[in-house]
Amino acid sequence: MSSEADRTAVFIDIDIDSEISGRSAYARGVDFVSQCNLKYGLSSSDITKLGGSEVARLPELYSSDYEWSQKGPAIFKCPEDRITIELYDAKAPLDVENFKHLVKGDKGLSKQSGKRLSYVGCPFHRVVKGFVAQTGDIVTGTGAGGESSYGKKFKDDAGGLKLKHAGPGVVGMCNTGKNSNTSQFYITFKATPQLDGKHVVFGRVASGMEVVERLNDECAADDDEGKPRVPAVIADCGIALRPVRRSHILPGFVNAIWMVMVIWSSLRALHYVPVPIYVVACNARPACTAILEFLVLGKTVPIDRAAALTIIVVGYVIATMSDFAWEGDGVGYAFLYTFLVGGLSVYEHAIMCKLKKEQTPIGLNLYRLVLSLPFLAVMIGVSGEASIAALPLLEGGGLLLIASSVLCLAIGVLMFELQLRASATSMQVFNTVAKFLTTMVSLVTHPADISLSAWTGYFLCVMGFLLYTFGVPRLRPRNKEPLEFDRVFESKGQDGR
């Protein structure tokens, strides 16, 4: 089994429309408080703002109110409806990748069905008591369809087929036979050894088993058809952020050191080169990162992104060859900044893509620190106003470094978690916003005369970067073959019962 560090966690919010304990009952409770708060002397019409003693009184007040009690049962605490699923990335990579895309809904609309490739709003169409709860038909919602994020049915993961349905909370893929996985999945209510070797197990319920038990108790049918007695749908889903652990504090400090060094390098570069050149170097960094990324991961560069990278490089060349004063080794330092940060980004992306590399948070950040040593070596060799010793004395530099050292600890831990859970596109957009804010501040605080050629180059860099960044979500699926939908679990016996 893969280690915990290698596993992704996702959350799924399940809306069980039970009259007794579901959202309908809670809605009645909310309405009761909203309309009767003055009648019963409650401190607020908002149920979430009531004190603990007031909430404890609500069931008695409701049951004694003849008019309201006739409307049906009410509850006064929002029902727990979230389950967290831990995915077996190493054992079932194809299934996990498909599941994550459907959980995030980042593939847009299907070209075959026109439906959104997302689990949000998908009903549990089959719930068999003491067996499984089945959902994931994002096409018809009935169990007759399903569509993967790959655009076609995909093969079974051999590692996932070897995993056992050893107890409740096992999450596996529905199929109609060998290598016929799409989007439908199930959650077991108990050990189901009859499914072993027939269906890929790709995760387990890590928390929220009480919600799974509610599915079994309130929704499950007693027959094999499994039509739910009470409707249940996936109300929301997404990638779950793991809580920050004490083991992440040291990587956070290492991250803080690296980020402070980047700030130092930025200040130093601004003392050696005009702002436009430095800004162009920052704009060229994504191109460097992207090119190295394709080399490291062995990818083929799509035409749209290749064009965007070309625009960035052309803009970089035009801007750097314009009539700026190149002083000392500042330009070389800007190049070092560009390529080093680009290399670090590629390394991190390769790790986050799980390219069969075992890497702990501490190891990742220590590797980053080693790669950052050239920064430190260059800065130590600098004398005069741009030296490390003199830096705190320059224009509030001391306050900047103190503030950044404190903030970077929290930012470092947060960024590490985001890199594990957020999509590459989200990180690109985040970096775009941060870079443009930095650019605007630099241009305001360090005004410089910019020639027409420099503006042209800078404009090309920015446009190329934007094309590259926002072109990522529009990548075309590799396989455009039409998808044939088969009925999942159509005939009895396919699920082993």
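General remarks:
- Remark on PHE124: its backbone amide H falls under 5 Å from those of ALA232, VAL233, ILE234, a criterion applied only to residues 5 or more positions apart or on other chains, H modelled at 1.01 Å from N.
- Projected label points at GLN194 and THR310, each 7 Å from Cα along the beta carbon direction, are separated by 6.0 nanometres.
- Counting neighbouring beta carbons within 10 Å and listing from fewest to most, the residues GLU147, GLU54 come out as GLU54, GLU147.
- The residues packed around GLY136, meaning those with a beta-carbon under 13 Å from its beta-carbon, carry a net charge of -1 if Lys and Arg are +1 and Asp and Glu are -1.
- Listing LYS107, LYS198, LYS178 from fewest to most neighbouring C-beta atoms within 10 Å gives LYS178, LYS198, LYS107.
- Per-residue Cβ neighbour rank within 10 angstrom, fewest leading, TYR88, TYR66, TYR40, TYR26: TYR66, TYR40, TYR26, TYR88
A short reminder: the numbers here are calculations on the coordinates, not readings from a lab. Since the model is a prediction, treat every value here as computed from it, not as a measurement. Counting neighbours? That spans all protein chains shown, and the Cβs are built from the backbone with ideal geometry, glycine included.
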